[in-house]
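Notes to accompany the following structure.
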Amino acid sequence: MLKKTADREHVLPLLEELGGVTEENVRRVAEQTGVPEAEIWGAGTFYTLLKGGPRIRVCNGLSCRIQGSDQLVADLRAKGKEVEEVSCLGQCDRAPAALDESMQVFDTSKQQRSITPADDKLPLNLGGEQDYSFAALAKARELGKDGIIKALEESGLQGRGGAGFPAFIKWRGVAGQADPVRYVVCNADEAEPATFKDRETMLRRSDKMIEGMAIAALVVGAKDIYFYIRGEFNAEAAAVQEALKRAGDHVKDWNWHFHRGHGAYICGEETALLESMEGKRGMPRLKPPFPFEFGFRGKPTLVSNVETFACVPYILLNGGKAFKDQGKTEPGSKLYCISGHINKPGVYELPLGATLDELVEAAGGYEGTPMAFSPGGASSGFLPISKRDVPLDFKGLQKEGSMLGSAGVVVLNDTVDMAKAAQWQLEFFEDESCGQCAPCRIGTRYLHNQVSKYLETGDPTPLKNAADVGWEMEEGSICGLGMVAAKPLENAMQYFPKAFEKR
Ligand SMILES: Cc1cc2nc3c(=O)[nH]c(=O)nc-3n(C[C@H](O)[C@H](O)[C@H](O)COP(=O)(O)O)c2cc1C
Ligand code: SF4
């Protein structure tokens with residue numbers, strides 16, 4: 001007989017503790033949890049960090065590729081090192097990024113990374129002093145559930161995890177459920193290539209994030225609060241633990257739990273994340289039902305992004321309007337990540353709706369002659385530099401057939417071959433597809449192979465049905481990964497047709 005769910009939730013942490021998936025480890029976990037060995041193999045082999053064995057991991061994401069990750073891999077292998085190429089390490093601002101055998105970042109970058117200087121008027125103020133007075137939590141207790149939701153509504157805060165869904169609707173939705181057991185989950189998985197804002201927020205302003213999560217728990221009536229933190233983020237997880245200690249009595253009304261990711265980009269998708277927390281393969285669920293009604297362990301669950309939670313203290317202390325007024329075309333300030341061909345990659349807090357030029361100005365200017373940019377992570381595809389005046393916000397980019405997503409902006413200058421850039425992005429999606437929908441599983445591999453064939457032979461024939469395949473992927477996929485995976489290729493072919501002519 002299978003043991004209860006709670007034991008299954010121990011499977012992945014136990015495998016991690018034992019050093020990964022091996023016959024011996026799987027047997028031991030089965031003995032300790034009562035979960036069948038086959039199920040443990042099934043879950044464990046889904047996650048790259050549970051493969052075990054020390055190795056250097058070099059990122060081959062877009063920003064790292066254009067800053068020379070292929071050369072770094074070749075150099076390390078020439079020295080006899082064991083190297084694994086991975087899709088993303090969340091370190092695009094020190095490209096080409098690499099982790100050593102003990103998972104520490106080693107700096108291989110010539111670029112200078114940076115953040116917005118301290119400014120108390122900014123809602124997130126990454127460079128500012130941490131504040132453990134938790135005045136916003138005290139204010140929240142005064143305002144009560146309805147007052148907090150009203151302030152959120154006035155602020156216009158849209159979720160910062162990618163979809164831009166209004167925060168107040170989600171909070172109200174969870175609070176209004178009949179089931180008395182509810183959970184709050186912070187999505188700190190951050191694995192979209194080009195994105196590293198949650199990393200900086202956890203390192204620098206965990207105080208704000210934790211306070212926002214406590215306020216959320218107050219509103220939705222949760223006793224248990226979870227962090228789902230990307231597996232590679234060791235320093236960040238330590239920073240959050242330290243912040244919880246410093247928050248002390250302010251947060252003692254809740255049970256705080258940590259769940260470390262194990263190396264699967266798809267677990268950033270909220271339902272895949274919940275599956276993973278329950279000890280299973282991180283495969284997205286069919287929606288509806290949405291997590292606000294059927295989430296962790298089937299209970300109403302508020303899943304929100306690190307930055308979304310971190311915005312909340314400012315809103316309660318200064319009022320919704322003050323937050324809203326920080327925006328340019330849409331409400332609030334926004335943490336933009338920028339990397340690629342610019343001088344100072346990093347995280348910049350700007351009015352939501354800033355343009356590319358405004359962001360690049362904050363980031364020390366362009367490196368070379370800009371040609372294209374990817375405005376919101378791999379999922380947002382590419383835009384030509386002629387679109388540099390489009391506001392980097394949710395609606396403006398949607399109008400261009402792109403998206404703000406995680407606001408991970410990558411600038412490409414005219415030295416980049418756009419067919420290669422599309423090939424790199426497709427490789428990422430092929431590697432990270434969870435494989436449960438045929439259009440996504442087969443489509444990502446097919447398109448990647450077709451672009452590779454074109455690059456090998458110079459003959460564009462293999463690309464003639466790319467648009468049809470892209471359409472099938474968009475229509476036939478369960479989650480956002482498969483729906484947008486063809487976009488980088490489609491955009492590159494649309495805006496840079498010369499890069500796809502006979503060579
Ligand atoms: C493929 C995929 C990956 C995602 N990765 C992340 C992620 O790393 N972090 C995140 O907060 N949201 C991610 N999301 C969005 C989440 O599903 C969810 O919308 C978000 O956590 C909700 O938080 P918010 O309302 O604060 O935006 C991802 C979505 C998809 C489709
Ligand atoms: S679209 Fe792709 S990643 Fe998403 S559930 Fe389907 S196979 Fe998995």
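Is region 333-413 rounded, prolate or oblate when judged by the Cα gyration tensor, a ≥ b ≥ c being the square roots of its eigenvalues, rounded requiring a/c under 1.5 and prolate requiring a/b larger than b/c?
Oblate, because a/c is 1.5 or more while a/b does not exceed b/c.
With a ≥ b ≥ c taken as the square roots of the eigenvalues of the C-alpha gyration tensor of region 402-503, please select rounded if a/c is under 1.5 and otherwise prolate if a/b is larger than b/c or oblate if it is not?
Oblate, since a/c reaches 1.5 and b/c is not below a/b.
State which entries of 223/334; 51/208; 208/334; 139/170; 321/487 exceed 24 angstrom in Cα-Cα distance in the structure shown.
223/334; 51/208; 321/487
At a Förster radius of 22 Å, what calculated FRET efficiency corresponds to the Cβ-Cβ distance of residue 179 and residue 286, to the nearest 0.05?
0.60
Projected onto the charge dipole of the chain (+1 at Lys/Arg Cβ, -1 at Asp/Glu Cβ, origin at the Cα centre), which of 165, 485, 365 gives the Cα projection farthest towards the positive end?
Selected residue: 165.
Run the reach check for residue 453 against aspartates and glutamates, Cα to Cα strictly under 20 Å, same-chain hits fewer than 8 apart removed. What comes back?
Straight-line reach from residue 453, under 20 Å: 70, 417, 427, 430, 431, 468, 490, 501.
Towards the positive end of the charge dipole of the chain, with charges on Cβ (+1 Lys, Arg; -1 Asp, Glu), say which of 407, 124, 21 has the farthest Cα.
The residue sitting most towards the positive pole is 124.
Between residue 255 and residue 100, what is the spin-label point distance in nm, taking each point 7 Å from the Cα along the Cα→C-beta axis?
3.9 nm
Could you order the peptides 457-463, 358-364 from most to least packed, using the average number of other C-beta atoms within 10 Å per residue?
Most protected by this proxy first, the peptides run 358-364, 457-463.
Starting from 0.36 nm per residue, how many nanometres of slack lie between residue 471 and residue 45 once their C-alpha separation is accounted for?
150.3 nm
For region 212-256, what size does the Cα cloud have along each of its three principal axes, sorted from largest down, in whole Å?
Between the extreme Cα coordinates on each principal axis of region 212-256 lie 31, 20, 15 Å.
Counting only helical runs of four or more DSSP H residues, what would the 222 nm mean residue ellipticity of the chain come to if each run contributes -39,500 (n - 2.57) and the total is spread over all its residues?
Per the formula, -12500 deg cm²/dmol.
State whether region 41-168 is rounded, prolate or oblate according to the following rule on the C-alpha gyration tensor (a ≥ b ≥ c being the square roots of its eigenvalues): a/c under 1.5 gives rounded; otherwise a/b larger than b/c gives prolate, and the remaining case gives oblate.
Cα axes put region 41-168 in the prolate bin.
So what is the relative contact order for the chain, in percent, with contacts set as C-alpha pairs under 8 Å and at least six apart?
14 percent
Pull up the cross-link candidates among the aspartates and glutamates for residue 245, meaning alpha carbon to alpha carbon under 18 Å and not fewer than 8 places away within one chain.
Cross-link targets: 129, 131, 207, 211, 224, 236, 253.
Restricting to Cα pairs below 8 Å that are 6+ residues apart, what does the relative contact order work out to for region 71-170? Please round to a whole percent.
11 percent
Under 17 Å Cα to Cα from residue 344, which lysines show up? Leave out anything in the same chain fewer than 8 places away.
110, 197
Taking neighbour Cβ counts within 10 Å as the exposure measure, how do 468, 357 sort from fewest upward?
By the 10 Å Cβ count, ascending: 468, 357.
Per residue, how big is the convex hull of region 5-45 when only Cα atoms are used? Give it in Å³.
54 Å³
Report the gain in length on full extension from residue 399 to residue 110: 0.36 nm times residue separation, minus Cα-Cα distance, nm rounded to one decimal.
The span from residue 399 to residue 110 would gain 100.4 nm if fully extended.
Can you give me the Cα centroid spacing of region 387-416 and region 454-503 in angstrom?
The distance from the Cα centre of region 387-416 to that of region 454-503 comes to 19 Å.
Any of 150/287; 145/299; 328/464 with alpha carbons more than 31 Å apart? Name them for me.
328/464
How big is the charge dipole of region 135-324 about its Cα centre, in debye rounded to the nearest 20, if each Lys and Arg gets +1 on its Cβ and each Asp and Glu gets -1 on its Cβ?
240 debye
For the chain, give the magnitude of the charge dipole about the Cα centre (Cβ charges: +1 Lys/Arg, -1 Asp/Glu; no others), in debye to the nearest 20.
Approximately 480 debye in magnitude.
Report the label-to-label distance for residue 321 and residue 415 in nanometres (one decimal), using points 7 Å from each Cα along the Cα→Cβ vector.
A separation of 5.1 nm, rounded to one decimal place.
Check each of the GluC sites (Glu not before Pro) in region 437-503 and keep only those in coil by DSSP with at most 11 other C-beta atoms within 10 angstrom; list them in order.
Qualifying residues, ordered by number: 501.
Between region 161-214 and region 242-316, what is the separation of their alpha carbon centroids in Å?
7 Å
Cα-Cα pairs above 33 Å in the chain: how many percent?
Looking at the chain, the distances longer than 33 Å represent 37 percent of pairs.
Any read-out appearing in this document is the output of simple, stated calculations on the displayed coordinates, not a laboratory observation. Keep in mind it's a predicted model, so treat the numbers as computed, not measured. Note: ideal-geometry Cβ built from the backbone for every residue, glycine included; neighbour counts use all protein chains shown.
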